[in-house]
1. Confirm whether Ala276 is at pLDDT 95 or above, surrounded by 13 or more Cβ atoms within 10 Å (Cβ to Cβ), closer than 19 Å to Ala236 by Cβ and not assigned by TED's automatic domain parsing to the domain that holds Lys43.
2. Given the condition at pLDDT 95 or above and not aromatic (Phe, Trp, Tyr), answer yes or no: does some residue in the stretch 238-245 qualify?
3. Which residue pairs have Cβ atoms under 6 Å apart, sit 6 or more places apart or on different chains, and have a first residue in the stretch 80-106 that is of a type outside the set (Phe, Trp, Tyr) and a second that is exposed (fewer than 14 other Cβ atoms within 10 Å of the Cβ) and in a helix (DSSP H, G or I)?
4. Among the residues of the stretch 104-149, which ones are surrounded by 19 or more Cβ atoms within 10 Å (Cβ to Cβ), among the small types (Gly, Ala, Ser) and either at pLDDT below 90 or not in a loop (DSSP other than H, G, I, E, B) (or both)?
5. May I ask you to verify whether Leu269 is over 23 Å from Ala86 (Cβ atoms) and in contact (Cβ under 8 Å) with a residue 12 or more places away in the chain?
6. Determine whether the stretch 234-255 contains at least one residue that is farther than 22 Å from Asp133 by Cα, out of contact with any strand residue (DSSP E or B) (no Cβ under 9 Å at 6 or more places or on another chain) and surrounded by fewer than 16 Cβ atoms within 10 Å (Cβ to Cβ).
7. State which residue is surrounded by the most Cβ atoms within 10 Å (Cβ to Cβ) when the search covers only the stretch 209-223 and only residues that are more than 23 Å from Ala48 (Cβ to Cβ) and within 19 Å of the chain's Cα centre (by Cα).
8. Got a sec? Which of Gly219, Gly242 is under 26 Å from Thr101 (Cβ atoms) and of a type in the set (Gly, Ala, Ser)?
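The values are calculated or read from the model by the stated rules, or taken from the named source; none is laboratory data. Quick caveat: nothing in here was measured; it's all calculated off a predicted structure. Cβ placement follows ideal geometry from the backbone for every residue including glycine, while neighbour counts extend to all protein chains displayed.
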Amino acid sequence: MNPVIAVATSRLGPVIGILIGRVLPRGPSAWLTDRLADWAAAKPENHAVRAVRANQAVVRGWSVHDPRLNEIVLRVFRNAARGYLAFFRGMARGRDALEATCSMQPDLVRLLKSAEAEGRGVMLVGPHMGNFDIALLALHKHDLNPLVLSLPNPRGSVLVDNAIRRRYGVEMTPITQQSLRHAVERLRRGGLVLTLVDRPEPSGQTLTFFDRPTSLPNGHARLAQSTGALLVIVYAVQVGDGSYQIERGQTIDPKDFESPTRAQTVSQLAQAVASAMEPPIRRRPEEWLVFLPLWPESAASSK
């Protein structure tokens, strides 16, 4: 494994990032972050580099061997690194400064407040775009406190990231049977649950994503079907140097997807969410930060 990626995904990764954010001014820290991202992206044999190249090729409709992808992979790695830097620099300057780095579209705030007033649960779902950690704090800034369902069996840097999130009041829990029961209770009480659903899931459901089949999670669709909660597509985008905004995509109501069987309804809801994630990714593909291959056949052809 590339040593930069190995360190970044280890428990040391967030610790080093926080140190860089605290010690170095913005200019030098940004320069260093870009150089580390460039070094990581310049290793074509690395699995993360191959995955990004293959995923971007599918989204753009290019051949995985298109030389233009060299620059695209570089931008993706830089955007990921800059997102971490923005978060760690914000931490060094205090919570108010950190929360100021991310805003929310007013109509999204209105939608969530309206659902809360009506006692209707909302599942916030979307792709890995922008900066997940800063986006969570923007929700808290508006007194919107979702239960965040994260990857089961977290390891390495994810363990440290989750500890940092909890320190800032984020209610985050790995996906387990117990946490799913908690999510059902939260939604039935008219609360919020958030999870990102564009990572490959071998035990998930085969869905069409960017006109190709891939296996994605469908737990969010099961939760919405069983509780009647709205599914709202959300994602974060860059709006300046180190600043992000949470934007709202499509709203999907389970009432519009009633089928003869529960399984059919879940399948339709999961597909609707997958399709609704495509437009924001198409608009800003360099800000889509998925480092696992969603289409294995495309990744295999990049070797």
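1. Yes: the conditions hold for Ala276.
2. No; the residues of the stretch 238-245 include none that is at pLDDT 95 or above and not aromatic (Phe, Trp, Tyr).
3. The qualifying pairs are Gly90/Ala97; Ala92/Arg22.
4. Correct list: Ala115, Gly126, Gly130, Ala135, Ala138.
5. Yes; evaluated as a whole, the condition is true for this residue.
6. Yes; the residues of the stretch 234-255 include at least one that is farther than 22 Å from Asp133 by Cα, out of contact with any strand residue (DSSP E or B) (no Cβ under 9 Å at 6 or more places or on another chain) and surrounded by fewer than 16 Cβ atoms within 10 Å (Cβ to Cβ).
7. Taking the stretch 209-223 and keeping what is more than 23 Å from Ala48 (Cβ to Cβ), we get 211, 218-223.
Imposing the further condition that a residue be within 19 Å of the chain's Cα centre (by Cα) reduces the set to 218-221, 223.
Details: Asn218: 23, Gly219: 20, His220: 26, Ala221: 29, Leu223: 25.
Ranking the candidates gives Ala221 first.
8. Gly242
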